[in-house]
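Student: First the structure, then my questions, so here it is.
The values are calculated or read from the model by the stated rules, or taken from the named source; none is laboratory data. As the structure is a prediction and not an experimental result, all values here were calculated from the model. Virtual Cβ from ideal backbone geometry, glycine too; neighbours counted across all protein chains shown. Just so you know, the surface numbers come from the protein's heavy atoms only, side chains and all, with ligands and any DNA or RNA stripped out. Shrake-Rupley method; radii C 1.70, N 1.55, O 1.52, S 1.80 Å.
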2 protein chains.
Amino acid sequence: MAEGELLPQPDIEEIEMVKVLHALGDPTRLHLFGVFARSDVQCDCSARRLGLEHLHKSTISHHMRILREAGVTSTRVVGRNRYVELRRDDLESRFPGLVEVLLTSTDG
Amino acid sequence: MAEGELLPQPDIEEIEMVKVLHALGDPTRLHLFGVFARSDVQCDCSARRLGLEHLHKSTISHHMRILREAGVTSTRVVGRNRYVELRRDDLESRFPGLVEVLLTSTDG
């Protein structure tokens, strides 16, 4: 885990299924979920790395914020960089099997 | 299965994960999902039976339509009545494990 400031996110017991589903019920955000779920390491947020070259930076930030506020991802700010990772263990603890089901069903 | 007209719904192979997540990413619709998932028989659509006495009939219809168009439910019209059921087998075939994960995680 990189050092730096962790942006605001819900505690694990505050993560709500309906907010997670809302966050993932959007094509761009479901794509990002797949990107972060399949990254062994934390991702930087460049549009190219995220496969979102067609989107404006502010649009990407908007989607990132919704994922983070729903409890799907964590964002750490280190200097000018942001590192995002899926809260896989937290989601698994809160909603067992959800991440796996989503990944299996969106695999290609 | 009651006779009558089946309202338009996507074929099984047209059901998309992102649309299912969008449909369920709303408190009222996630509640309805639980109602239909736990009903052994098809439900009529009275607000009382659905636990939605606080909502206007047109609002309930709106939510029902989104669930149906996403492929989550089937609606059959028989005379003046509508019978709704979860497309449990279709969802299980398309996204194995999803219904169970959602039910387990929203159980109270």
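Student: Give the ranking of B:GLU69, A:GLU100, B:GLU85 by solvent-accessible surface, highest area first, calculated with a 1.4 Å probe.
Tutor: Values: B:GLU69 95, A:GLU100 130, B:GLU85 60 Å².
Sorted by accessible area, descending: A:GLU100, B:GLU69, B:GLU85.
Student: Separate question: Run the accessible area of the stretch A:14-106 with a 1.4 Å probe and give the carbon-and-sulfur part as a rounded percent. Don't skip to the end; give the middle numbers.
Tutor: Values: 2160 of 4700 Å².
C and S fraction of accessible area: 46 percent.
Student: Take B:GLU3, B:GLU53 and sort them by solvent-accessible surface of the protein heavy atoms, 1.4 Å probe, largest at the top. Provide the component values of the computation, followed by the final result.
Tutor: Numbers: B:GLU3 155, B:GLU53 120 Å².
Most to least solvent-accessible, the answer reads B:GLU3, B:GLU53.
Student: A drop of at least 50 square angstrom in accessible area, chain alone versus all protein chains together, probe 1.4 Å. Which residues of the stretch B:90-106 meet that?
Tutor: The answer is B:VAL101, B:SER105.
Student: In addition: Please give the solvent-accessible surface of B:LYS19 in Å², to the nearest 10, using a probe radius of 1.4 Å with every protein chain present.
Tutor: It works out to around 100 Å².
Student: Each label point is 7 Å from the Cα along the Cα-to-Cβ direction; what then is the distance between the points at B:VAL77 and A:ARG38, in nm?
Tutor: 4.3 nm
Student: Evaluate the relative contact order of the stretch A:14-106 (contact order divided by residue number), counting alpha-carbon pairs under 8 angstrom at least 6 apart; express in whole percent. Walk me through the numbers before you get to the answer.
Tutor: Numbers: 88 pairs, mean separation 28.7, N = 93.
Relative contact order here is 31 percent.
Student: When all protein chains stay in place, what accessible area (Å², nearest 10, 1.4 Å probe) is found for B:THR59?
Tutor: Spelled out: B:THR59, probe radius 1.4 Å, area about 50 Å².
Student: Probe radius 1.4 Å, ligands and nucleic acids left out: can you give me the accessible area buried at the A-B interface, summed over both chains, in Å² to the nearest hundred?
Tutor: Working: alone 6620 and 6640 Å², together 11910 Å².
The contact between B and A buries close to 1300 Å².
Student: In nm, give the distance between the simple-model label positions of B:ALA47 and A:GLU3, each being 7 Å from the Cα along the Cα-to-Cβ direction.
Tutor: Between B:ALA47 and A:GLU3, the label points sit 5.8 nm apart.
Student: Continuing with the same structure: Quick check for you: with a 1.4 Å probe and neighbouring chains kept, what is the accessible area per residue of chain B, in Å²?
Tutor: On the way: 5970 Å² over 108 residues.
Here the residues of chain B average 55 Å² of exposed surface.
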